[in-house]
Amino acid sequence: MRGNATQRIGRRTFVGMAGAGITASLAGCAGGSNGDGPGDDGLSIGLLAYEPGAAPMGTAQENAAELAVQELNDEGGVLGEDVQLDVANYQGSASTASDRYLEFVVEDDVDITAGVFQTEVMVDLMSEIASHQTIHMSGGHTSPVISEMVADNYDDYRYQFRPYGNAVHWMHSIADMCGYMQDQEGWERIALLNEEFEWTQTFTDDLPDELEDLGLEVVFNDRYPADTEDFSPLFDSIEAEDADATLMGMAHTAGPALLQWQEQEREFVIGGQIAQIVNPAAYGDFDGTIEFAMSNAPAVHTAELTDETIPFAERYYDEFGIYPNDDFAYATYDGIKMWAEVVEELGTADTEDVIEGLLDASYEGTRGVVEFQGENDEFPHDARFGEGYLERINFQWQEDDGEGIQNVVHPDHHATADYQEPDWY
């Protein structure tokens, strides 16, 4: 059965089904729409979210999908029918994700699935996506491993789309920011410190070469367990190398890391890809201890990346009382709206037709123009990055009248404020 966070927007009634035995009994059955239009109940979306209502990542995916579907239905639906959204909590478990996915594609016969946060879960789910031949619009995992799977076995995995790219693009943007800070702030020596997860491996393995090509010296490069609570020994080692900045790839340990960085008044800047502080509620959640910290992000509600960025962020805030969080919100929303636009233009939700339609489409979303890379490109079915497509930004948490604000400091053409040096320097 689905988790407690299951939610519906639409008319269908869920009929219970034994979850424990579903994998063995239903393996090989294909999901998705194979007709020219919606069935009796219209089109439907199954969203796999991580602890929606509790974890910021899964909550953002749920909120963004709900807002997208609400707007579609307010505008008359898709192909003349309302769109239904079902949300399932996969609880961070690959086996649970598989069970929930099979309920969506086999019992509910959804037209598209979306979501998933962890790369490790997504890797396991790829075999189910291949077996059931239903489009999956990803919404949070960042490892290039997924696009490599699509490239290596395109016929089986062509149903997977990622409307935001992968950590290689994050790495390029972070390196560009370091080059900018080299000119503006005199950065010369960089430390790398990453949580031991698949999505951070690119930062450990490939970022050093990019930084060194810019004339920066990588003086420290280490990985740490995600249950680390005491960062003092690591920070001591970094300070011993006289690093100007520490670039961190982390999704779980921002609290203790940044608290100790501030309390101990460490003599280096912290930046990188810090998922927890991309959350617009993070300043309050961390009692201001993230002031002066920086992170890479797809967008923030303070910067107008496209004509859609700020209006979307304000609609999201009006609906949920918080601004959208990372790709979990922006890319989930854009992915669903882009899929719906393609279905409407084609006049069909047929999976094979929609795959071709998505590859031909150009969609101006909340972060830029989304176009998917093709079979023979570097990252098949990931969004394109670069001028005219999507760009990443680097923001810094700054304080304004006692409130925390995410100000973009790089790149220049999206900047909303100048970089601020930590006040204990």
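Some values worked out for this structure:
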quantity	calculated
E378 vs. criteria closer than 23 Å to Y159 by Cβ, of a type in the set (D, E) and exposed (fewer than 15 other Cβ atoms within 10 Å of the Cβ)	yes
When residues of the stretch 266-303 are limited to those that are touching a residue at least 60 places away in the same chain (Cβ under 8 Å) and more than 30 Å from R189 (Cα to Cα), the one surrounded by the most Cβ atoms within 10 Å (Cβ to Cβ)	H301
Filtered residues of the stretch 251-265 (kept if surrounded by fewer than 24 Cβ atoms within 10 Å (Cβ to Cβ), within 24 Å of the chain's Cα centre (by Cα) and not hydroxyl-bearing (S, T, Y))	A251, H252, G255, P256
Members of the stretch 208-229 found to be open to solvent by 60 Å² or more (accessible area, probe 1.4 Å) and at pLDDT below 95, listed by number	D227
Qualifying residue in the stretch 358-370 (condition: in a helix (DSSP H, G or I), within 23 Å of E66 (Cα to Cα) and not polar (S, T, N, Q))	yes
Search result, residues across the stretch 391-425 that are of a type in the set (D, E, K, R) and closer than 28 Å to E371 by Cα	E391, R392, D412
Tabulated pairs, the stretch 167-180, first closer than 20 Å to G140 by Cβ and among the hydroxyl-bearing types (S, T, Y), second open to solvent by less than 10 Å² (accessible area, probe 1.4 Å) and not in a helix (DSSP H, G or I), C-beta under 6 angstrom, 6+ apart or interchain	S173/N296
Count - residues of the stretch 267-298 that are at negative phi and in contact with a strand residue (DSSP E or B) (Cβ under 8 Å, 6 or more places away or on another chain)	22
The lone exception for D205 - which of (1) touching a residue at least 12 places away in the same chain (Cβ under 8 Å); (2) more than 16 Å from C178 (Cα to Cα); (3) open to solvent by 50 Å² or more (accessible area, probe 1.4 Å) it fails	(1)
Of all residues making up the stretch 319-346, the number that are touching a helix residue (DSSP H, G or I) at 6+ places or on another chain (Cβ under 7 Å), of a type outside the set (S, T, N, Q) and at pLDDT below 95	2
Some residue of the stretch 162-181 being more than 16 Å from I270 (Cα to Cα), out of contact with any Cys (no Cβ under 7 Å at 6 or more places or on another chain) and among the small types (G, A, S)	yes
Residue within the stretch 351-359 that is surrounded by 19 or more Cβ atoms within 10 Å (Cβ to Cβ), over 25 Å from D307 (Cβ atoms) and aliphatic (A, V, I, L, M) present	yes
Subset of the stretch 408-425 that is farther than 13 Å from L305 by Cα and open to solvent by less than 20 Å² (accessible area, probe 1.4 Å) - its residue that is farthest from the chain's Cα centre (by Cα)	P422
Exclusive hit being touching a residue at least 40 places away in the same chain (Cβ under 8 Å) and either open to solvent by less than 10 Å² (accessible area, probe 1.4 Å) or not aliphatic (A, V, I, L, M) (or both), set Y317, Y323	Y323
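The values are calculated or read from the model by the stated rules, or taken from the named source; none is laboratory data. Quick caveat, the model's predicted, so the values are computed rather than measured. Glycine gets a Cβ as well: all are built from the backbone with ideal geometry, and neighbour counts include every protein chain shown. Surface areas here come from the heavy atoms of the whole protein model, side chains and all, with no ligands, DNA or RNA. Shrake-Rupley method; radii C 1.70, N 1.55, O 1.52, S 1.80 Å.
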